[in-house]
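Let me begin by handing over the structure; questions about it come next.
The values are calculated or read from the model by the stated rules, or taken from the named source; none is laboratory data. Just so it is clear, the model here is predicted, and its values are computed rather than measured. Using ideal geometry, Cβ is built from the backbone for each residue, glycine included, and neighbour counts are taken over all protein chains shown. Please note that ligands, DNA and RNA were not included when accessible areas were found on the heavy atoms of the full protein model with its side chains. Shrake-Rupley method; radii C 1.70, N 1.55, O 1.52, S 1.80 Å.
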Amino acid sequence: MLSNSSMEPDQEITLWLTSLHLPQYASSFARAGYRCFKDLRSLTEEKLLEVDNIPTGHRRRILSSLETMMVEVDGGKGSMKVPVRRKPIPSPRQVFPKAKKSGISCQHSQGSNIQTTRNKQTQTRQKQKTITQNNKKQDLSKQHYVDDDDYSTLQEPTVSQCLANECSFKHPTPSTLLSSTGQSALAQPQSDVNDIYSMAQEDLPGLLRPNLPSQTEDSISPYACFYGTRAAATKAGWLDKLSPQGNCVFQRRWVKLEGGNLTYYNSDKEMYSKGLIPVSAVKQVCALGENKFEVVTSVRTFVFRAEKEGERQDWLDVLQPAVSSQSSISHQPCKNNTSKSGYVELRGLKGRVFLSLMRTSFRVCKTDQDFNAGLAITVVDLTAACVKQVERKGFEITTPFKSFCFSVESEHEREEWIEAVQESIVETLCNYEVLEKVWFNKSNRKCADCQAPEPEWASINLCVVICKNCAGHHRFLGPGISKVRSMKLDSSIWTNELIELFLDVGNKNSNSFWEANLPPEDELCKQPSPEQRASFICRKYKKRKYKKVLECLNTQEELNKALCAAVVLPDILQTMALVFSGADVMCATGDPEYSTPYLMAQKAGQRLQMEFLHHNKLSEVNMLSNMHERTAVCKTYYQCRYGEDIHYYMVRRWCTLEGGFLSYYDNEKNATPIGRVDLSDVVSLAINNTENITETGTVFTFELYLRSQRVLVFGAETSDAHQDWTLAIAKCFVPARADALLRQDSELIGRLHYKEGHDLYHWRMGWFALVASELYFCSADEDEEEGVLQLKRLQELTVSTHMEGDEKIQVLIMVESGRTVYIHGITKQDFALWHSSIQLAALTDGMALGNQQMNKNDVPIIVDSCISFVTQYGLCYEGIYQKNGDPGRVAQLLKEFTMNARVVKLRAQDHRLEDVTDTLKSFLSHSEDAVLAKELYPFWISALDEQDEKVRVQKYSSYIQSLPKVNRSTLGALLQHLYRIQRCSHINQMSTEWLACVFSSCLFQTKGHTAQETRVVEDLINNYIQLFSVNEEQVRQMEKENSFITRWKDTTLLSIEKQVRWRFAFTYPIFHLSLCSERPLHYKEKILEQVLDWSSLEDPSSAFLTKIKHLNFIKGEQLKFKDGSSKLLLGNKFQDRYLVLQDKKLLLYKDIKVITLPMVICKYLHPCCSSGSTFAQYLCLPAALQQSPVYQF
């Protein structure tokens, strides 16, 4: 909309007409002498009719806009001031009776005048009917005269009309009678006209206003945008036109000058021209010999010939003034104003033509140069047209007069044309009256969901204005949640009360409720994808995740009571918040006469409250809110019980959820349930989001695991109902402390015993939710924060058996980045469910990088294992990564990594180096997403345009930061490995250039490699230190390791060292390590660093590592002993026994003299056991031996 404050008296009116969606009349106004706003001071309807044959609806729109702007004459000098625009007053709708039923039952003092007026109106109708029968073009107009008259009294009478009515009191006009006898005039006092939005017009002196057309019954609504009778031609006749092929061949043509265009036809009966020349495109018109004259344009010259000299002079007298009177403003078509344009083939014409769609018409031109100059073959109005697909690459546009068949080069292009033409056809049916009124509220000028400008759709029950893209997703929610209507097409639904409701509420106030708790990270981004848009709209309106929470209204009864109190007040926002929070629109008020909130609002005279309640009386929004607040809900479901047979069947049951109990009945008419589940007994809820085929059809199922070790399976017919039920059930058994888990799209949710951190001796109760490959959990303690385990990163996932008192339990152990969590289920079935689900989520589930099993640095294990193996065994291997492995062994190795990468161990004796290198390259080449991201490919290549290497490195660094986390960490690990390889290129003959040639196609996932791709990868390898900010200490460590590996050929010893170090860390009382002169190592010393220092020696092989095992280590001592399984005769006492610790065995003797038949208490000792203890203690045994008796000393 054009801002009123920006209008100046000397400003041209082109922008103003464009804001009214009427730019086609700009040239007509210019020809009539109206070029700027000061020229419009004396514009009346009569003068507007002289400008052009403008339809009544368009005339009314122009004059209404001028009236709204309230042009003020200042001191006769012609300067204009445009005050702030008044808020429009939506007047009540008037529906007048048709002919023969137009009598008005109410009494009126001007009864005789009314009857006289009716007679005149009847005569007018009959006269107009006779005219219509003589001209078929008037049929459409007649229909509008009859049907669209209900808007004829919407305009508030102007000052001039009020004065005219006062002066002609004895002879009232039909408009005065109609406006004084309508329903709203009778129902409301006259003082109600000046409401809070209006300003008394009598208080605005000095106004000079254009006169609106008289409000007769034959006047047409401003919503009517039909095209009236055809404009009379300024000049028409037969002329000879020189053929464009030349050779002095003239062709007979019917030529017309009308509407600012010079057109010519094959005959005077044709509807569409063979050529169109806008007068604005004509440079000059001059006479030639032999009764000829030429019309010169910037592109070509048209030569016409008349039969007589006088006829030619007539044409010159008409054309030359028309050309000279053109304004300097160019009204030629512009490609920016077209919705689609391009070259197509038109059946019946040779060669291709340039076709362009311009709002409600399409223009056919010979070339795009003609189009830019304004020349055309013909312009076709799309009113009452249709489009359809023909043949394979063609489409046909059918108008009431002719069909145009076009052909394009591809089916995709054909679909684009059909879609664009359909939008233009819809535009012919549009009007902008409702749109402009609703947009008066500035917050309605942007979409409530995605903030797109100028939205043209609305949800009439949610009171939000939305764009076309969001409207499609609102429709997907269903009419029970969002009733979507167009503000351009569905004008009949937009009553004045509904428009006023949208003006009062607006998107800003609506979002203050719907987005009250919207976190910034959940906001819809600009230009979102369809998936992002659909997900956001579903969360916002269906799940109501961000809605405002009403305090102190926790029950349905409280909500309903608050609603009944709110509807009698003008605060519509409070009513909206109550209804969308779960208040029942049809609840009982307790008043037998006004039994619903709607009737109470009607009694109080609250029109907007009535309008809002009317559109939400059948809404499902309040029902969904009820379900989420754990009140009664009824749906049709399926229920069955698990048996030993896994092929279960399902039977139809009517289910209700109320008061924390899930009850199911034979049908909805039965009052006695056949079963009931106390949801507090639920320990786990398993949600299956995929369809299941049963005997009764396709259903979406979920399972309830109970403490009684029963498993109940329920199914819903739709995914939406399935999601609503699972969320409602989860809220019943998950405490408020763990509500954060319910915000996730969980596959499994429930309670488990767990322990972690420093407290490994006490089991705690926690609530867990499995979402994809992430396990969320929280404790019942208020101080505990929510935890999460990345299952793809697990370094260990094992099941062990523990003794809890006399009970044997299974414990699932998960280790991730130094964090260990132990869990066990409440029932055996429950534990089996969680174990299988977690194990499945921790596996590889695709070829994408993010779906792989990871190490602690977020590098896929397959990449990390291959890199480590090649670094250890291939650093000195000549031509590494250039030699091919065996395809069969490579495929088998890939399969093993895909199944479970954690259990794959690469060993030199089992795997060949060539197979491992090919496995790495194959994985990088065939993963679903390229490491360097395909969408960033042009950016990587464009960086090569920079000659300065530092500038290139800065660009590379920014691109690396924009990569996903997994891609970035994988790239870092790979570049570090390739940097190591090229640092030893004097041995392995693999320079940076060769490595870049090998890996460019893998990192970009292109077929083969190009010079540009190779240069990018070469830059990345050479600048690895700068790109990943590697410090000097890390660089020295890499150089030291490379030196050790290359100078000490026996790399197998390094593997032994790693194994020794691991064993040394856990069993240091048994093992002793020494170097060279057998210097003892402290148990905290890092053996690998000691070994790497050997590379600095002149002869590294002179140093060696020995492992000394003391097989004859014996320790014996007399201790007090007590067997945990007490015997009746011995009593509960300690006995003197002699214990010997020898060869990882603890031997028990009756005394020191009897040492031949010892009692072996245990074969292996846990590291935490102290062999020198002299006091009683419990032995800490490995998990496998904890079933043995407990001994005390």
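Using 7 Å Cα-to-Cβ label points, what is the GLU558/VAL1035 separation (nm, one decimal)?
Taking the simple label geometry, GLU558 and VAL1035 are separated by 6.6 nm.
Can you find, among CYS430, ILE397, GLN451, the residue farthest towards the positive end of the dipole of segment 354-509? Put +1 on the C-beta of Lys and Arg, -1 on that of Asp and Glu.
Selected residue: GLN451.
Decide, for segment 385-541, between rounded, prolate and oblate: order the square roots of the alpha carbon gyration tensor eigenvalues as a ≥ b ≥ c, take rounded if a/c falls under 1.5, and otherwise choose prolate if a/b is larger than b/c, else oblate.
oblate
Quick check: Cα centre of segment 802-880 to Cα centre of segment 14-72, how many Å?
Segment 802-880 and segment 14-72 have Cα centres spaced 75 Å from each other.
Among VAL951, PHE897, ILE941, which residue has its Cα furthest toward the positive end of the charge dipole of segment 894-966, with +1 on Lys/Arg Cβ and -1 on Asp/Glu Cβ?
It is PHE897, whose Cα lies furthest towards the positive end.
Would you mind calculating the gained length between ARG743 and LYS47 on full extension (0.36 nm times residue separation, minus the Cα-Cα distance), in nm to one decimal?
Net length gain for the segment: 244.1 nm.
Rounded, prolate or oblate: which one fits segment 832-969, using the alpha carbon gyration tensor with axes a ≥ b ≥ c (rounded when a/c is under 1.5, else prolate when a/b beats b/c, else oblate)? The partial results should precede the final answer.
Details: a/c = 2.37, a/b = 1.32, b/c = 1.80.
Judged from the Cα gyration tensor, segment 832-969 comes out oblate (a/c at least 1.5, b/c at or above a/b).
Step through the residues of segment 32-48 one at a time and calculate ³J(HN,Hα) from phi using the Karplus curve (6.51 cos²θ - 1.76 cosθ + 1.60, θ = phi - 60°), rounding each to whole Hz and writing x for Gly and Pro.
The phi angles translate into 7, x, 9, 10, 9, 5, 5, 6, 8, 4, 9, 6, 10, 5, 4, 5, 5 Hz.
Around HIS977, with a cut-off of 13 angstrom between Cβ atoms, what is the net charge of the other residues, counting Lys and Arg +1 and Asp and Glu -1?
Combined, the nearby Lys, Arg, Asp and Glu give +1.
Output the peptides 438-449, 959-970 sorted from most to least packed, where packing is the average of other Cβ atoms within 10 Å over each peptide's residues. Could the numbers behind the result be given before it?
Working: 438-449: 20.2, 959-970: 16.9.
Answer by packing, highest mean first, reads 438-449, 959-970.
Related question: Run the simple label-point estimate for GLN947 and LYS828 please: 7 Å along Cα→C-beta, distance reported in nm.
It works out to 7.9 nm between the two label points.
While we're here: Among residues other than GLU935 whose Cβ falls under 14 Å from its Cβ, what is the net charge (Lys/Arg +1, Asp/Glu -1)?
That sum, taken over residues with Cβ under 14 Å, equals -1.
Any idea of LYS905's accessible area? Nearest 10 Å², probe 1.4 Å.
Here the residue's solvent-accessible area equals roughly 110 Å².
Using 0.36 nm per residue, how much length does the chain from LEU936 to LYS1007 gain when fully extended, once their Cα-Cα distance is taken away?
23.9 nm
Could you pull out which residues in segment 832-851 have an amide N less than 18 Å from a spot 7 Å beyond the Cα of GLU521, following the Cα-Cβ vector?
Once the point is set 7 Å along Cα→Cβ of GLU521, nothing inside segment 832-851 turns out to lie under 18 Å by backbone N.
Counting Lys and Arg as +1 and Asp and Glu as -1, what is the net charge of the other residues whose Cβ lies under 10 Å from the Cβ of ASP370?
It works out to a net charge of +2.
How large is the accessible surface per residue of segment 812-969, computed with a 1.4 Å probe and reported in Å² as a whole number?
Ligands and nucleic acids excluded, the result is 47 Å² per residue.
Provide the packing ranking of 896-903, 1016-1023, i.e. peptides ordered by the mean count of other C-beta atoms within 10 Å per residue, highest first.
Descending mean neighbour count gives 1016-1023, 896-903.
Hey, what's segment 695-781 come to in accessible area per residue, 1.4 Å probe, Å²?
The answer is 40 Å² per residue.
If you don't mind, there's one more thing I want to ask. Quick one: check the C-alpha center-to-center distance for segment 482-536 versus segment 991-1007, whole angstrom.
Spelled out, the Cα-based centre of one part sits 50 Å from the other.
Out of the total accessible area of segment 829-955 (probe 1.4 Å, heavy atoms of protein only), what percent is carbon and sulfur? Please report the intermediate quantities before stating the final value.
On the way: 3030 of 6070 Å².
Carbon plus sulfur share of accessible area: 50 percent.
Further question on the same structure: Using just the Cα positions, wrap segment 949-1038 in a convex hull and report its mean projected area in square nanometres, one decimal place. Please report the intermediate quantities before stating the final value.
Values: hull surface 24.9 nm².
Averaged projected area of segment 949-1038's Cα convex hull equals 6.2 nm².
Now for a different question. Rounded to whole Å, give me the distance from the Cα center of segment 1023-1043 to that of segment 735-801.
First find each Cα centre; the distance between them is then 38 Å.
Whose amide H sits under 5 Å from the amide H of GLN795, counting only residues 5 or more places off or on another chain, with H placed in the peptide plane?
Under 5 Å from the amide H of GLN795 lie the amide H atoms of VAL815, GLU816, SER817, each far enough along the sequence or on another chain.
Given 0.36 nm per residue, what is the gain on full extension from THR820 to SER443 after removing their alpha carbon distance, in nm?
130.5 nm
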